[in-house]
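Student: Sharing a structure here in structure tokens format.
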Amino acid sequence: MVDALHPSVVKPQPPTLRCDRCRDVFGQPFSDFFYRDANGPFGWRRWCKACYSEAPSIKRRNAERAAGRVGGAGEAA
Ligand SMILES: [Zn+2]
């Protein structure tokens with residue numbers, strides 16, 4: 001249940017992190033500005049939360065989720 005941070009997953013953190021999309025630079029705590037991504041450069045996604053919320057693909061996903069597609073076990077088409 002607890003999605004704790006495994007010690008092996010923790011990567012060295014830079015003092016600041018730059019968003020690949022808007023080029024804004026953010027300081028700690030990164031969790032305020034970035035979503036976690038174990039495959040990301042420092043364990044964070046390349047885009048900040050604001051950019052993700054603006055991305056068309058994310059907007060579509062959110063719209064689908066809001067429309068009731070929560071399970072994600074496959075399309076019912
Ligand atoms: Zn951004």
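Student: If R₀ is 22 angstrom, what is the calculated FRET efficiency for the pair residue 11 and residue 55, using the beta carbon separation as r and rounding to 0.05?
Tutor: My answer for the efficiency is 0.35.
Student: Starting from the Cα coordinates of the stretch 16-66, work out the convex hull volume and express it per residue in Å³.
Tutor: Cα-based convex hull of the stretch 16-66, divided per residue, equals 80 Å³.
Student: To continue, here is another question. Test of understanding: what is the full-extension gain from residue 23 to residue 63, defined as 0.36 nm times their sequence separation minus their Cα-Cα distance?
Tutor: Full extension of this stretch gives 11.8 nm more.
Student: Residue 66: net charge of surrounding residues, Cβ under 12 Å, Lys/Arg +1, Asp/Glu -1, itself excluded?
Tutor: The answer is +4.
All of the numbers you see were taken from the coordinates with simple rules; none came from a lab. Everything numeric here is computed off the predicted structure, so don't read it as measured data. When we count neighbours, we look across all protein chains shown, and the Cβ atoms used for this are built from the backbone with ideal geometry, even at glycine.
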